[in-house]
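Enquirer: Take a look at this one; I'll ask things after.
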Amino acid sequence: MSEPTAIVGVLALQGDVREHEAAFGELGVPTRRVRRPEDLDGLSGVVFPGGESTTLSLLVDSSGLFDPLHKRIAEGLPVFGTCAGIILLARQVEGGRADQRSFGVLDCTVRRNGYGPQRFSFEGEVTPTGPELGGEDAAPLPAVFIRAPLVVAVGEGVDVLAREGRGTGGAPVVLRDGKVLGATFHPELTTDRRLHALFAQMVKSECRTALW
Ligand code: GLN
């Protein structure tokens, strides 16, 4: 019997789930919505979409997903969080609700709504600063920041893969620590697929049943 192909889970409790599904669909990467602990069975990676981290935190708890997800990530399940998703991954969250939980698997401090309230949401560009996104000569990525978190500290051992704006002087906006990838913006809302392709590659390198 052939083994089932690798599947990437998309946490589907709130937020821009469909946009992530579409982005992976363009790359030929199959996805499954994750709403309950059973949905984690057999996954080869998981994505935390943008949305509202306070709400996501409550729903991850009430759905019974927090502990099983935490365990799978601690065991090495690759994970990719965008905007609210990176807040769920961060070790330290400033400006969160007192009861807000995060998985604490990405050694950084993020400040919720760190660029300001909704009227300071913006579309711009981010500059690759590491080879994973094509190196420093690579074209900037378009980026949509919606009440985005601001990364205010990055732990040792965490790679900064891109910075906000043109050039290398902006705030870190894409972080990676091994199998944990986070972006403070929404790559799923633009047509540039470099970040989804990078995550697909991270999943593939862990999983010999990946067909893409
Ligand atoms: N400000 C939101 C939060 O704290 C994140 C916004 C987003 O994901 N677009 O969760």
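The values are calculated or read from the model by the stated rules, or taken from the named source; none is laboratory data. Remember, predicted model here, so these are calculated numbers, not experimental data. Cβ atoms come from the backbone with ideal geometry, glycine included; neighbour counts cover every protein chain shown. Surface areas here come from the heavy atoms of the whole protein model, side chains and all, with no ligands, DNA or RNA. Shrake-Rupley method; radii C 1.70, N 1.55, O 1.52, S 1.80 Å.
Enquirer: Restrict the check to segment 13-23 and report whether at least one residue is farther than 23 Å from E206 by Cβ and of a type in the set (K, R).
Expert: yes
Enquirer: Return a yes/no flag: does segment 170-183 have any residue that is within 16 Å of the ligand (Cβ to nearest atom), open to solvent by 30 Å² or more (accessible area, probe 1.4 Å) and part of a strand (DSSP E or B).
Expert: Step one: list which residues in segment 170-183 are within 16 Å of the ligand (Cβ to nearest atom), which gives 171, 173-175, 181-183.
Then keep just the ones that are open to solvent by 30 Å² or more (accessible area, probe 1.4 Å); that gives none.
Within segment 170-183 (the criterion being within 16 Å of the ligand (Cβ to nearest atom), open to solvent by 30 Å² or more (accessible area, probe 1.4 Å) and part of a strand (DSSP E or B)), the answer is no, since none of the residues qualifies.
Enquirer: Related question: Of the residues in segment 81-95, how many are more than 22 Å from V17 (Cβ to Cβ) and either within 8 Å of the ligand (Cβ to nearest atom) or in a loop (DSSP other than H, G, I, E, B) (or both)?
Expert: 1
Enquirer: Right, next: Just one of the numbered conditions (1) within 16 Å of the ligand (Cβ to nearest atom); (2) in contact with a Pro (Cβ under 9 Å, 6 or more places away or on another chain); (3) assigned to a loop (DSSP other than H, G, I, E, B) is not true of D192; which one?
Expert: Among (1) within 16 Å of the ligand (Cβ to nearest atom); (2) in contact with a Pro (Cβ under 9 Å, 6 or more places away or on another chain); (3) assigned to a loop (DSSP other than H, G, I, E, B), the lone unmet condition for D192 is (1).
Enquirer: Also: Let me confirm something: among R32, R112, R36, R72, which residue is within 16 Å of the ligand (Cβ to nearest atom) and among the basic types (K, R)?
Expert: Details: R32 fails: within 16 Å of the ligand (Cβ to nearest atom); R36 fails: within 16 Å of the ligand (Cβ to nearest atom); R72 fails: within 16 Å of the ligand (Cβ to nearest atom).
Testing whether each residue is within 16 Å of the ligand (Cβ to nearest atom) and among the basic types (K, R) leaves just R112.
Enquirer: Just checking, how many residues over segment 134-152 are surrounded by 13 or more Cβ atoms within 10 Å (Cβ to Cβ) and modelled with pLDDT under 95? Give the steps one after another, and end with the answer.
Expert: As a first pass, look at segment 134-152 and keep what is surrounded by 13 or more Cβ atoms within 10 Å (Cβ to Cβ): 134, 138, 140-152.
Adding the requirement that they be modelled with pLDDT under 95 leaves 134, 138.
The qualifying residues number 2.
Enquirer: Here are S57, S62: which of them is modelled with pLDDT of 95 or more, open to solvent by less than 20 Å² (accessible area, probe 1.4 Å) and under 21 Å from G104 (Cα atoms)? Full working, then the answer.
Expert: Details: S62 fails: open to solvent by less than 20 Å² (accessible area, probe 1.4 Å).
After ruling out the rest, the residue left standing is S57.
Enquirer: Okay, next question. Within segment 153-169, track down each residue that is within 15 Å of the chain's Cα centre (by Cα) and open to solvent by 30 Å² or more (accessible area, probe 1.4 Å). It would help to see each step written out before you state the result.
Expert: Restricting attention to segment 153-169, the residues satisfying the condition of being within 15 Å of the chain's Cα centre (by Cα) are 158-162.
The answer is D159, V160.
Enquirer: Within 16 Å of the ligand (Cβ to nearest atom), in contact (Cβ under 8 Å) with a residue 60 or more places away in the chain, among the charged types (D, E, K, R) and not in a strand (DSSP E or B): does that describe E132? Even if it seems obvious, please write down each step before you answer.
Expert: Values: within 16 Å of the ligand (Cβ to nearest atom): no; in contact (Cβ under 8 Å) with a residue 60 or more places away in the chain: yes; among the charged types (D, E, K, R): yes; not in a strand (DSSP E or B): yes.
Against the criterion (within 16 Å of the ligand (Cβ to nearest atom), in contact (Cβ under 8 Å) with a residue 60 or more places away in the chain, among the charged types (D, E, K, R) and not in a strand (DSSP E or B)), E132 does not qualify.
Enquirer: Restricting to segment 1-29, name every residue that is crowded, with 21+ Cβ neighbours inside 10 Å, away from the ligand (no atom under 16 Å from the Cβ) and more than 14 Å from H196 (Cα to Cα).
Expert: Matches in segment 1-29: A6 only.
Enquirer: Continuing with this model, one more query. Can you tell which of T127, T109 is surrounded by 20 or more Cβ atoms within 10 Å (Cβ to Cβ) and not in a loop (DSSP other than H, G, I, E, B)? Let's see the steps before the verdict.
Expert: Details: T109 fails: surrounded by 20 or more Cβ atoms within 10 Å (Cβ to Cβ).
After ruling out the rest, the residue left standing is T127.
Enquirer: Mind listing whichever residues of segment 1-60 are charged (D, E, K, R) and assigned to a strand (DSSP E or B)?
Expert: Here is the first cut: in segment 1-60, the ones charged (D, E, K, R) are 3, 16, 18-19, 21, 26, 32-33, 35-36, 38-39, 41, 52.
Correct list: R32, R33.
Enquirer: Kindly evaluate V144 against the criterion of being aliphatic (A, V, I, L, M), within 16 Å of the ligand (Cβ to nearest atom) and touching a Leu at 6+ places or on another chain (Cβ under 7 Å). Working first, answer last.
Expert: Numbers: aliphatic (A, V, I, L, M): yes; within 16 Å of the ligand (Cβ to nearest atom): yes; touching a Leu at 6+ places or on another chain (Cβ under 7 Å): yes.
Spelling it out, V144 is indeed aliphatic (A, V, I, L, M), within 16 Å of the ligand (Cβ to nearest atom) and touching a Leu at 6+ places or on another chain (Cβ under 7 Å).
Enquirer: Anything in segment 65-80 that is open to solvent by 40 Å² or more (accessible area, probe 1.4 Å) and either in contact with a Phe, Trp or Tyr (Cβ under 6 Å, 6 or more places away or on another chain) or not in a helix (DSSP H, G or I) (or both)? List them, or say none.
Expert: Residues satisfying the conditions are H70, E75.
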